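Only one structure is covered here, and it is reproduced in the block below.
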Amino acid sequence: MVTKDQKISILVIDNNQKSSEETIKLLQPNPLISAVELADNTDLGLRKIISNTPDVILFDYPSSGNSEKELIELVKTKLPETTLVIISTTKENAAFAIQNGIFNYLLRPFNQEEFDGVINVAYQSKQNHILARINQIIDKAPEEIRYRLQTTKGYFMLNPEELIFCKASGFYTELYLVRDRVELSSQYLMKFEEILSPFNFVRVSRSLLINQKFIRKINKADNTIILWCAGKEYKIKAAKSQIRKLSNFENE
């Protein structure tokens, strides 16, 4: 479950009532969104950005108002963690977005899947920014490295040495730890692979990342790996290529 502080806030800037209603209708089913505000011109939009700093701005271009240039400049120079998305009906306006350094844009008509894709990317960007800020302020003792990670319950300190394996589960990653603990993180498995690769972790399939120090047995016959910790076994299904690599490593 995504907590409120993990969700993203949206500002829709659109002077066309029909298209703004269509946009809001597409936003409503998305569980990653905490709030949606509407501005019918760039002047009002700029004021709302300054007062609330939304995570995502859906800017239907062109729009009425006199603050278009100031709005774009503010987001680009002062709000690096805000995702600005240009929405338009023509490719020429998409070109305008690229010329102004805005690489997130949607061409109408678009479907729910395309729209959710943009929102999901913005959501993941927010989580990455949060994690980066947290890691910057954490003091790491030289004898032990820990990461503060966001979970569905809040935050917890992760020692890579205590992590047996990670398993992708939709928008989340399940973390299986020593002492029979399981945590659910809002970070994608790819992010954990990036963080944990220096600690002898290896991606054995699309959905599994394991700590090699817990490997007890590799079964070539059924492409499985047995992880063992404190008397408990975990049977992991791995890709054939990874089984071969790990088997070769063991035989060296």
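Using R₀ = 30 Å, calculate the FRET efficiency as 1/(1 + (r/R₀)^6) where r is the Cβ-Cβ separation of Q212 and V121; round to 0.05.
Working: r = 32 Å, r/R0 = 1.06.
For Q212 and V121, the calculated efficiency is 0.40.
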Self-check item: Projected label distance in nm at R179 and I98, using a 7 Å step from Cα toward the beta-carbon
Solution: 5.4 nm
Exercise. Multiply the residue separation of E113 and M190 by 0.36 nm, subtract the distance between their alpha-carbon atoms, and state the gained length in nm to one decimal.
Key: 25.6 nm
Quiz item: How large is ³J(HN,Hα), in whole Hz, for each residue of the stretch 55-64 in order, when computed from phi with the Karplus curve 6.51 cos²θ - 1.76 cosθ + 1.60 and θ = phi - 60°, using x for Gly and Pro?
Solution: 6, 9, 10, 9, 9, 6, 10, x, 10, 7
Quiz item: Can you sort M157, M190 by how many other beta carbons sit within 10 Å, fewest first?
Solution: M157, M190
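Take the eigenvalues of the Cα gyration tensor for the stretch 1-136, scale each by 5, and report the square roots as semi-axes in whole Å, largest first.
Working: eigenvalues 97, 62, 43 Å².
After diagonalising the Cα gyration tensor, the semi-axes are 22, 18, 15 Å.
Tell me the mean residue ellipticity at 222 nm calculated for the chain from its helices only (DSSP H runs of n ≥ 4, each -39500 (n - 2.57), averaged over every residue, nearest 500). Show your work: numbers first, answer last.
Numbers: 7 runs with 88 residues, N = 252.
Calculated mean residue ellipticity at 222 nm is -11000 deg cm²/dmol.
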Quiz prompt | Selected from N100, V75, L58, residue furthest toward positive end of dipole (the stretch 1-128; charges at beta carbon) | solution = V75
Quiz item: Helix 17-27 versus the longest principal axis of the chain: what is the Cα-based angle in degrees, 0 to 90, to the nearest 10?
Solution: 10 degrees
Exercise. Enumerate the amide H contacts of L106 below 5 Å, restricted to partners 5 or more residues apart or on another chain; note that Pro and chain-start residues carry no placed amide H.
Key: I86, I87, S88
Self-check item: Identified option (computed Cα extents along the principal axes in Å; candidates [x] 58, 38, 29; [y] 64, 49, 33; [z] 68, 39, 31)
Solution: [z]
Exercise. Quickly work out the N66-to-E233 label distance, labels modelled 7 Å from Cα along the C-beta direction, and quote it in nm with one decimal.
Key: 7.6 nm
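Quick one: which of 192-198, 58-64 comes out on top by average Cβ neighbours within 10 Å, and what's the full order, highest first? Mind dumping the intermediate values first?
On the way: 192-198: 15.3, 58-64: 20.9.
Packing order, densest peptide first, comes out as 58-64, 192-198.
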Self-check item: Amide H contacts under 5 Å for S205, placed H, 5+ residues apart
Solution: A239
Quiz item: What whole number of Å gives the distance from the Cα centroid of the stretch 33-95 to the Cα centroid of the stretch 163-195?
Solution: 35 Å
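When DSSP assigns beta bridges and you keep just the ones with both residues in the chain, what percent turn out antiparallel, to the nearest 5? Spell out each step's value before the answer.
Working: 34 of 52 bridges.
Close to 65 percent.
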Exercise. Read phi for every residue in the stretch 198-213 and hand back ³J(HN,Hα) as whole Hz from Karplus 6.51 cos²θ - 1.76 cosθ + 1.60, θ = phi - 60°, with x for Gly and Pro.
Key: x, 9, 6, 8, 9, 7, 9, 7, 4, 10, 10, 10, 10, 8, 5, 5
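Could you line up I24, I102, I225 from fewest to most neighbouring Cβ atoms inside 10 Å? Working shown, then result.
Values: I24 15, I102 19, I225 25.
The order, fewest Cβ neighbours first, is I24, I102, I225.
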Quiz item: Helix 112-137: angle to the longest alpha-carbon principal axis of the chain, degrees 0 to 90, nearest 10?
Solution: 70 degrees
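Values in this text are rule-based calculations from the coordinates and carry no lab data. All values derive from a computational prediction rather than experimental measurement. No Cβ is skipped: glycine too gets one built from the backbone with ideal geometry, and neighbour counts run over all protein chains shown.
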